[in-house]
1. Any residue at all in the range B:57-76 that's within 18 Å of the chain's Cα centre (by Cα), closer than 26 Å to B:F147 by Cβ, at pLDDT below 95 and hydroxyl-bearing (S, T, Y)?
2. Among the residues of the range A:3-27, write down those that are within 14 Å of chain B (Cβ to nearest Cβ), farther than 15 Å from A:K96 by Cα and surrounded by fewer than 24 Cβ atoms within 10 Å (Cβ to Cβ).
3. Looking at (1) in a helix (DSSP H, G or I); (2) open to solvent by 40 Å² or more (accessible area, probe 1.4 Å); (3) touching a residue at least 24 places away in the same chain (Cβ under 8 Å); (4) away from chain B (no Cβ under 14 Å), can you tell me which one A:S188 breaks?
4. From the set of residues in the range A:94-127 that are within 14 Å of another protein chain (Cβ to nearest Cβ) and under 15 Å from the mean Cα position of the chain (by Cα), which is nearest to A:Q153 (Cα to Cα)?
5. Please verify whether B:V7 is open to solvent by less than 20 Å² (accessible area, probe 1.4 Å), over 24 Å from A:D43 (Cα atoms), among the β-branched types (V, I, T) and not in a strand (DSSP E or B), treating the condition exactly as stated.
6. Here is a check on your reading of the model: is A:G161 closer than 19 Å to A:A48 by Cβ and of a type outside the set (A, V, I, L, M)?
7. Check the range A:28-41 and report whether any residue there is within 20 Å of A:A112 (Cβ to Cβ), open to solvent by 70 Å² or more (accessible area, probe 1.4 Å), of a type in the set (A, V, I, L, M, F, W, C) and free of Cβ contacts under 8 Å to residues at least 24 places away in the same chain.
8. Would you mind stating whether A:H214 is modelled with pLDDT of 95 or more and open to solvent by 60 Å² or more (accessible area, probe 1.4 Å)?
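The values are calculated or read from the model by the stated rules, or taken from the named source; none is laboratory data. All values reported here derive from a predicted model rather than from experimental measurement. No Cβ is skipped: glycine too gets one built from the backbone with ideal geometry, and neighbour counts run over all protein chains shown. Please note that ligands, DNA and RNA were not included when accessible areas were found on the heavy atoms of the full protein model with its side chains. Shrake-Rupley method; radii C 1.70, N 1.55, O 1.52, S 1.80 Å.
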Amino acid sequence: MTTVDYVLRLGDDALVTAQRFGAWYAAGPEMEEDVALANIALDQLGAARLLLTYAGELEGAGRDEDALAYQRDAAAFRNCRLVEQPEPDFGVVIAKLLLLSAFQLPLYDALAGAGDERLAAIAGKARKESAYHLDHSTLWTLRLGDGTGESHQRMQAAIDGLWPYTGGLFVGEGGPVAFADLRTHWSSTVEEVLTRATLTVPETVAEPTGERKHLVELLAEMQELHRAHPGARW
Amino acid sequence: MTAREAVATVVDPELRVVTIAELGILRDVETDDRGHVTVTITPTYTGCPAMDVIREDIGAALRAAGHADHNVQTVFAPAWSTDWISPEGRAKLAAAGIAPPGPSKSVTLTIAVRCTHCGSPETEQLSRFGSTACKALWRCRTCGEPFDAIKAY
């Protein structure tokens, strides 16, 4: 039996990522990358909508995708901390996409063949998109990591800065695939890419805890319109 | 006009030269004993923003053909693939300057994307993502012109 929290975790990871990457649609290093990040944000948003709709149905309290996206406070969000981290530069965007898609791809692959029919259908579509995201972030990681001294240094700093939050990817269960089971696969994918990009794989450290002010800020922006005008439509 | 014929005329809002039937988005059109029409569609990409417009266009086509009593449902499995684009659809895309996709499972086999202007196989990808979720941006090294290509998916 799949739990509401399990589906919320998947949906919130995708929703928060969509909100973060959507902010880059006119801020990338080149126009092609603006288009790429907007497309990736759209893929994540598409998955988020399906997952949140399903979570609402599982919960059975009458909440739809909009209620779950716009009317929950940060404390009720189940996403991992990695996705909510701010992106002060493009290297952090690419590092985050690499670390996340190396997790989402085997996750959706496994869910596509696992016991929950609804999750299997969603994952069956999302996995093709995740494969493209992983491919895209791998190419950029190689280009930046094995590029100039400046790009190498900034890409390494991006990986180092996000690394403490990667442990949170593997926390959680309650569905047909335990997140912890994906760690070995994830590690080998990420380490292979980082090594080829001449980057150093950081040491594993405990994930920072405490107040999630980045998520609070992100939600304040994302939910402002809906909270000011409940039920408003375009 | 039957409900199926009416729905089959609906074109994709982002690739207006092909119908949703030719793209493989249209799964099924069923009319029950009471004349209620159920249309089943499937999205190309999970976040494809054209789906709402497609639903509205299907409704308009059905109403115009006298089938006001209908609903449109969306299914996700089996997942859509570019392999579902019909030969007619591929020909129409190519004629409109959009290179049709190669086989979606071409892991070991790379088929050159041909320039839609001059037909040259000497092409290169400019951007992996294009103006819609299903397209990438390419350029011809022979004639120098850029063109859109449907991503194998």
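1. no
2. If the condition is that a residue be within 14 Å of chain B (Cβ to nearest Cβ), farther than 15 Å from A:K96 by Cα and surrounded by fewer than 24 Cβ atoms within 10 Å (Cβ to Cβ), then A:Y25 is the only one that fits.
3. For A:S188, the failing item is (3).
4. A:I94
5. yes
6. no
7. No, every residue in the range A:28-41 fails to be within 20 Å of A:A112 (Cβ to Cβ), open to solvent by 70 Å² or more (accessible area, probe 1.4 Å), of a type in the set (A, V, I, L, M, F, W, C) and free of Cβ contacts under 8 Å to residues at least 24 places away in the same chain.
8. no
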